[in-house]
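A.B. asks: Right, I'll just put the structure down here and ask away after.
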Amino acid sequence: MSGIIKILAVDDSKSTLEVLKRNLESSGYEVLTALRVDEALPLLEEYEIDVVITDFKMPQASGLDLIRHVRENHRDIEIMMITGYPSISGAVEAIKDGAGEYLPKPFTAEELLSAMERIMERVKRRKAVEPAEVPAENYGIYGNSPLMQLVFRRIGKAAATNANVLISGDSGTGKELVARAVHYHSDRRAAPFVPVNCAAIPDSLVESELFGHVKGAFTGAKEARAGFFEIANGGTIFLDEIGDASPNMQAKLLRILQSKEFCKVGSSVVNTVDTRILAATHKNLKRLVDDGSFREDLYYRLNVVDIPVPSLAERGDDILIMISSFLDRFSKSMQRSTPRMTDEALQALRNYSWPGNVRELENLIQRLVVIVDHDPIEVTDLPDNMRFSLPMEGRIDRTLADIEKEHIKNVLAMAKNNKTRAAEILGINRKTLREKLKRMEGS
């Protein structure tokens, strides 16, 4: 978010409002105050409020009434509930109705500011998934993380030359997108971009596929055919999964890289070609060279400019930008409005390891848009292996009892106070959960 964060504090205690105002303004926030809910409502309409901090029990309308009003009329406003009458049932109800933080009185300045930091993290996540134009310098590839900024710089440098490029990264990271970005921002953009899957070409057809053949060159060659290099003349050939190229293919590629010449199968006529090579691999080519399974001379011919593409798990909040893009794209394709995701669902996806990288994320979002028929998309809509990946928040010097309390509260809130479902998630029976809740309320 840009600019000063504007907070509306609502409490029937003037002293509490003074404490809130003093601590928050000293930390750079702007604070408006109201002693009652009916005083707060006009302020919500007049000002662009980012966060509402409300007391639980107040005369006339309560804090829960205010939370429900905000959720129904100002869904982008974050909410913190504070109360001098803390209870598990009150916390669950507040969280269920939309309060992102629940802070019992009396609280320290440190506890207040820590809660505000957590709220600001949620604001950041929400803003990151709001639709936005991708900056032109990002070559149409989503991401603002430091590792992706390095990729963008390498793309720019590679596009400005005719040097061969080796793009490395795990499967599903978007290596072909990087290759296309290099081609379509180079002087060769008007000529063809020809992708070739090296792992999919049988060894017996390597020469014909790469260089073409003349009519009658072999059984079944009823017509002459151009090969990939001839089709890509003047443009770019993208050799995907170059690490899976057979020794025969490696030899053929090395020859054309050295001489820029080839003969079609069944012909002795030498053809000259001007084709730029972009290669990609999910394997460690240097290790393959050391193992003797990849030619060292070919490796150095290909690896003039290297562009390592990071895994999705290494890209931080880039995932939130991509979630926004995929939600928007798949919703438009289905001619429906774009759904939101709850903060808990976004955090679960942010914490997941993503072994399938961007491809796995894209498939997941498409499935959610197709299957989920309510808005927002919730944690419970996610696959089991992603659903419970939320980290425990708070200090590491807490007791096990405190951690257990917080976890039970979080699970109850996620289960919408369904104790049977919460007990299943916690791995205990309903009677045990009920006993734990009684102890928590009495402590």
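A.B. asks: From the list Asp240, Asp244, which residue is within 28 Å of Asn284 (Cβ to Cβ) and out of contact with any helix residue (DSSP H, G or I) (no Cβ under 6 Å at 6 or more places or on another chain)?
C.D. replies: The conditions single out Asp240.
A.B. asks: Looking at the stretch 406-428, I want the residues that are more than 16 Å from Thr342 (Cα to Cα) and among the polar types (S, T, N, Q) and have a partner that is modelled with pLDDT of 75 or more and buried (at least 17 other Cβ atoms within 10 Å of the Cβ) with Cβ atoms under 9 Å, at least 6 apart or on another chain. Which pairs are those?
C.D. replies: So the pair list comes out as Asn418/Leu412; Thr420/Leu433.
A.B. asks: Counting only residues that are buried (at least 18 other Cβ atoms within 10 Å of the Cβ) and polar (S, T, N, Q), which one in the stretch 13-30 is nearest to Thr83 (Cα to Cα)?
C.D. replies: Per the stated criteria, the residue is Thr16.
A.B. asks: Do you know which of the residues in the stretch 30-60 that are among the β-branched types (Val, Ile, Thr) and closer than 11 Å to Asp12 by Cα is nearest to the chain's Cα centre (by Cα)? Full working, then the answer.
C.D. replies: First, pick out the residues of the stretch 30-60 that are among the β-branched types (Val, Ile, Thr): 31, 33, 37, 49, 51-54.
Going one step further and asking which of them are closer than 11 Å to Asp12 by Cα, we end up with 33, 37, 54.
On the way: Thr33: 37, Val37: 38, Thr54: 32 Å.
Among those that are among the β-branched types (Val, Ile, Thr) and closer than 11 Å to Asp12 by Cα, it is Thr54.
A.B. asks: Right, another one. Check Ala217, Ala221, Ala199 and return the single one that is surrounded by fewer than 19 Cβ atoms within 10 Å (Cβ to Cβ), assigned to a helix (DSSP H, G or I) and touching a residue at least 12 places away in the same chain (Cβ under 8 Å).
C.D. replies: Step by step, each of Ala217, Ala221, Ala199 is checked, and only Ala199 is surrounded by fewer than 19 Cβ atoms within 10 Å (Cβ to Cβ), assigned to a helix (DSSP H, G or I) and touching a residue at least 12 places away in the same chain (Cβ under 8 Å).
A.B. asks: Scan the stretch 26-33 and tell me whether some residue there is acidic (Asp, Glu) and at pLDDT 90 or above.
C.D. replies: yes
A.B. asks: Return the pair list, or none, for Cβ contacts closer than 9 Å from residues in the stretch 254-272 that are in contact (Cβ under 8 Å) with a residue 60 or more places away in the chain and charged (D, E, K, R) to residues that are open to solvent by less than 40 Å² (accessible area, probe 1.4 Å) and in a helix (DSSP H, G or I), at least 6 apart or on different chains.
C.D. replies: none
A.B. asks: Can you tell me which condition Leu41 does not meet? The list is (1) in contact (Cβ under 8 Å) with a residue 40 or more places away in the chain; (2) open to solvent by less than 70 Å² (accessible area, probe 1.4 Å), and all the others hold.
C.D. replies: Unmet for Leu41, out of (1) in contact (Cβ under 8 Å) with a residue 40 or more places away in the chain; (2) open to solvent by less than 70 Å² (accessible area, probe 1.4 Å): (1).
A.B. asks: In the stretch 230-253, which residues are assigned to a loop (DSSP other than H, G, I, E, B), closer than 17 Å to Phe294 by Cβ and of a type outside the set (A, V, I, L, M, F, W, C)?
C.D. replies: Listed by number, the residues that qualify are Glu241, Ser246.
A.B. asks: OK, next. If Phe152 satisfies all but one of (1) open to solvent by 40 Å² or more (accessible area, probe 1.4 Å); (2) of a type outside the set (S, T, N, Q); (3) within 24 Å of Asp317 (Cβ to Cβ), what's the number of the condition it fails?
C.D. replies: With respect to (1) open to solvent by 40 Å² or more (accessible area, probe 1.4 Å); (2) of a type outside the set (S, T, N, Q); (3) within 24 Å of Asp317 (Cβ to Cβ), Phe152 is out only on (1).
A.B. asks: If you don't mind, another one. Out of curiosity, is Ile256 open to solvent by less than 20 Å² (accessible area, probe 1.4 Å) and part of a helix (DSSP H, G or I)?
C.D. replies: Numbers: open to solvent by less than 20 Å² (accessible area, probe 1.4 Å): yes; part of a helix (DSSP H, G or I): yes.
For Ile256, the condition - open to solvent by less than 20 Å² (accessible area, probe 1.4 Å) and part of a helix (DSSP H, G or I) - is met.
A.B. asks: Can you confirm whether Gln335 is part of a helix (DSSP H, G or I) and among the polar types (S, T, N, Q)?
C.D. replies: no
A.B. asks: Same structure again: Looking only at residues in the stretch 347-383 that are in contact with a Lys or Arg (Cβ under 8 Å, 6 or more places away or on another chain), part of a helix (DSSP H, G or I) and of a type outside the set (A, V, I, L, M), which one is most open to solvent (accessible area, probe 1.4 Å)?
C.D. replies: For the stretch 347-383, the residue satisfying everything is Arg350.
A.B. asks: Quick check on my filter: what residues within the stretch 81-94 are buried (at least 18 other Cβ atoms within 10 Å of the Cβ) and either among the hydroxyl-bearing types (Ser, Thr, Tyr) or at pLDDT 80 or above (or both)?
C.D. replies: Answer for the stretch 81-94, where residues must be buried (at least 18 other Cβ atoms within 10 Å of the Cβ) and either among the hydroxyl-bearing types (Ser, Thr, Tyr) or at pLDDT 80 or above (or both): Met81, Ile82, Thr83.
A.B. asks: Return the only residue of Gly235, Gly243 being closer than 25 Å to Asn162 by Cα, in contact with a Leu (Cβ under 7 Å, 6 or more places away or on another chain) and surrounded by 13 or more Cβ atoms within 10 Å (Cβ to Cβ).
C.D. replies: Checking each option against the conditions leaves just Gly243.
A.B. asks: Going by what's in this entry, would Glu406 be described as within 28 Å of the chain's Cα centre (by Cα), among the charged types (D, E, K, R) and modelled with pLDDT under 85?
C.D. replies: Considered against the rule, which asks whether it is within 28 Å of the chain's Cα centre (by Cα), among the charged types (D, E, K, R) and modelled with pLDDT under 85, Glu406 comes out as yes.
A.B. asks: Is it the case that some residue within the stretch 285-297 is part of a loop (DSSP other than H, G, I, E, B) and open to solvent by less than 30 Å² (accessible area, probe 1.4 Å)?
C.D. replies: Restricting attention to the stretch 285-297, the residues satisfying the condition of being part of a loop (DSSP other than H, G, I, E, B) are 292-295.
Filter once more, keeping what is open to solvent by less than 30 Å² (accessible area, probe 1.4 Å): 294.
Yes, because at least one residue in the stretch 285-297 is part of a loop (DSSP other than H, G, I, E, B) and open to solvent by less than 30 Å² (accessible area, probe 1.4 Å).
A.B. asks: Oh, and also: Report the residue count in the stretch 50-80 for those that are over 19 Å from Lys105 (Cβ atoms), touching a Gly at 6+ places or on another chain (Cβ under 8 Å) and either surrounded by fewer than 24 Cβ atoms within 10 Å (Cβ to Cβ) or of a type in the set (A, V, I, L, M) (or both).
C.D. replies: The number of residues fulfilling the criteria is 3.
A.B. asks: Would you be able to tell me the number of residues in the stretch 314-332 that are more than 22 Å from Asp375 (Cα to Cα), modelled with pLDDT under 90 and assigned to a helix (DSSP H, G or I)?
C.D. replies: Qualifying residue count for the region: 1.
A.B. asks: If you take the residues of the stretch 9-33 that are among the hydroxyl-bearing types (Ser, Thr, Tyr) and in contact (Cβ under 8 Å) with a residue 12 or more places away in the chain, which of them is nearest to Thr108 (Cα to Cα)?
C.D. replies: As a first pass, look at the stretch 9-33 and keep what is among the hydroxyl-bearing types (Ser, Thr, Tyr): 13, 15-16, 26-27, 29, 33.
Imposing the further condition that a residue be in contact (Cβ under 8 Å) with a residue 12 or more places away in the chain reduces the set to 13, 16, 27, 29, 33.
Numbers: Ser13: 17, Thr16: 12, Ser27: 14, Tyr29: 17, Thr33: 19 Å.
Among them, the one singled out is Thr16.
The values are calculated or read from the model by the stated rules, or taken from the named source; none is laboratory data. No experiment lies behind these values; they were computed from the predicted model shown. Cβ atoms come from the backbone with ideal geometry, glycine included; neighbour counts cover every protein chain shown. What goes into the accessible areas is simple: the full protein's heavy atoms, side chains included, and nothing from ligands, DNA or RNA. Shrake-Rupley method; radii C 1.70, N 1.55, O 1.52, S 1.80 Å.
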